[in-house]
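Novice: Encoded as structure tokens, here's the structure I'll be asking about.
The values are calculated or read from the model by the stated rules, or taken from the named source; none is laboratory data. As the structure is a prediction and not an experimental result, all values here were calculated from the model. Cβ atoms come from the backbone with ideal geometry, glycine included; neighbour counts cover every protein chain shown. Keep in mind that these areas ignore ligands, DNA and RNA; they rest on the heavy atoms of the full protein, side chains included. Shrake-Rupley method; radii C 1.70, N 1.55, O 1.52, S 1.80 Å.
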Amino acid sequence: MGGWTIGIIGGSGLYDVEGIENGAWEEVHSPWGQPSDDCFVGRVGHVRVVFLPRHGRGHRVSPSELNARANIDVLKRLGVTDVLAVSSVGSLAEERAPGTFTIADQFIDRTKGRPSSFYGSGMVAHVSMADPVCARLSSLAAEAARAAGATVHEGGTYLAMEGPQFSTRAESHLYRSWGCDIIGMTAMPEAKLAREAELPYALVGMVTDYDCWREGEEAVDVAQVIAQLSANAEKARAMVMRLLRNLPEERPASPIDTCLDTALITAPHVRDPELLRKLDAVAGRALGG
């Protein structure tokens, strides 16, 4: 048992959260490279908050160039206990209209060449991703989003594409045939890395468009996306504040807090000291650091 430190990763359109008290930007260095930006650290009532703009202030970082390992690492270094990711997404389902929110509970990873693990030769680990999000945090986010006035779909499969280009029509139809509900460019490997860092993770997808699968409609473009972003962002800010203010003072333990206990496989005497040094934050508890 203990208090909450909620890490909020803000996606396209959500570059700040108003209402964080006594906040200040903090620069945190990571052995995994440069994170997207500094973190804004403050409080909302009894909850400590760490906000990281995923693309950097001013939207400087492309989805394909995000250093997700550094982003998750700095959140862990700042004492984050749970991660709420907010992302702009396209819809692959008629009922998930622009302006609605989807609380994702599954992912399909179609990204290419992005470092997707903190572990490797010299320290091998295999975490389970069967249930890739935290059901508790996802439920709290859904409740807060509804209270903020959003139409919310609880559950849904997020197709993570490489980008930065939008889908072809053939790809969009393919992903629909797979049963995917929303599509975006940033949730992977972010969700995998959060699990490897023992951080319960929830993702709220803010729908901006219908991708390009609808017959007789123009394909999605940046102007269309931007037009929906501001309305979505206002609801997202309200959702975040409601979530933070409604959290109980004590944070119950989560099984994800200790998931590395059954994931680390490399024998201690052959572990790579240099890799262990880089893992001091994300795996320090499990490694006895």
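Novice: Taking the condition of being crowded, with 18+ Cβ neighbours inside 10 Å and closer than 22 Å to Val41 by Cα, how many residues in the stretch 243-260 meet it?
Specialist: 4
Novice: Return the residues of the stretch 225-249 that are over 14 Å from Gly19 (Cα atoms) and in contact with a strand residue (DSSP E or B) (Cβ under 7 Å, 6 or more places away or on another chain); say none if nothing qualifies.
Specialist: Hits for the stretch 225-249 are Val225, Gln228, Leu229, Asn232, Leu247.
Novice: Please verify whether the stretch 70-91 includes one or more residues that are more than 18 Å from Thr5 (Cβ to Cβ), at pLDDT 95 or above, out of contact with any helix residue (DSSP H, G or I) (no Cβ under 9 Å at 6 or more places or on another chain) and not in a strand (DSSP E or B).
Specialist: Yes; the residues of the stretch 70-91 include at least one that is more than 18 Å from Thr5 (Cβ to Cβ), at pLDDT 95 or above, out of contact with any helix residue (DSSP H, G or I) (no Cβ under 9 Å at 6 or more places or on another chain) and not in a strand (DSSP E or B).
Novice: Assuming Leu199 fulfils every condition listed in (1) closer than 28 Å to Val61 by Cβ; (2) out of contact with any Cys (no Cβ under 8 Å at 6 or more places or on another chain); (3) in a helix (DSSP H, G or I); (4) aliphatic (A, V, I, L, M) apart from one, which condition is it?
Specialist: Against the list (1) closer than 28 Å to Val61 by Cβ; (2) out of contact with any Cys (no Cβ under 8 Å at 6 or more places or on another chain); (3) in a helix (DSSP H, G or I); (4) aliphatic (A, V, I, L, M), Leu199 comes up short only on (3).
Novice: Here's a follow-up. Under 6 Å between Cβ atoms, which residue pairs at least 6 apart in sequence (or on different chains) link something in the stretch 85-99 that is closer than 13 Å to Gly11 by Cβ with a partner that is assigned to a loop (DSSP other than H, G, I, E, B)?
Specialist: Val86/Gly11; Val86/Leu14; Ser87/Gly11; Ser87/Thr186; Ser88/Gly11; Ser88/Ser12; Ser88/Gly13; Gly90/Asp211
Novice: If Arg214 meets every condition in (1) part of a helix (DSSP H, G or I); (2) modelled with pLDDT under 95; (3) surrounded by 13 or more Cβ atoms within 10 Å (Cβ to Cβ) apart from one, which number is that one?
Specialist: (1)
Novice: Are any of the residues in the stretch 225-246 outside any helix (DSSP H, G or I), of a type outside the set (Lys, Arg), at negative phi and in contact (Cβ under 8 Å) with a residue 60 or more places away in the chain?
Specialist: No: zero hits.
Novice: Something else: Looking at Met129, Met161, which one is aliphatic (A, V, I, L, M), out of contact with any Cys (no Cβ under 9 Å at 6 or more places or on another chain), buried (at least 21 other Cβ atoms within 10 Å of the Cβ) and touching a residue at least 40 places away in the same chain (Cβ under 8 Å)?
Specialist: Testing whether each residue is aliphatic (A, V, I, L, M), out of contact with any Cys (no Cβ under 9 Å at 6 or more places or on another chain), buried (at least 21 other Cβ atoms within 10 Å of the Cβ) and touching a residue at least 40 places away in the same chain (Cβ under 8 Å) leaves just Met161.
Novice: Out of (1) under 15 Å from the mean Cα position of the chain (by Cα); (2) small (Gly, Ala, Ser); (3) open to solvent by less than 10 Å² (accessible area, probe 1.4 Å), what's the single condition that is false for Ser172?
Specialist: Only one criterion in (1) under 15 Å from the mean Cα position of the chain (by Cα); (2) small (Gly, Ala, Ser); (3) open to solvent by less than 10 Å² (accessible area, probe 1.4 Å) is unmet by Ser172, namely (1).
Novice: In addition: Go through (1) in a strand (DSSP E or B); (2) within 30 Å of Trp213 (Cα to Cα); (3) not hydroxyl-bearing (Ser, Thr, Tyr) and name the single condition Ile8 misses.
Specialist: Condition not satisfied by Ile8: (2).
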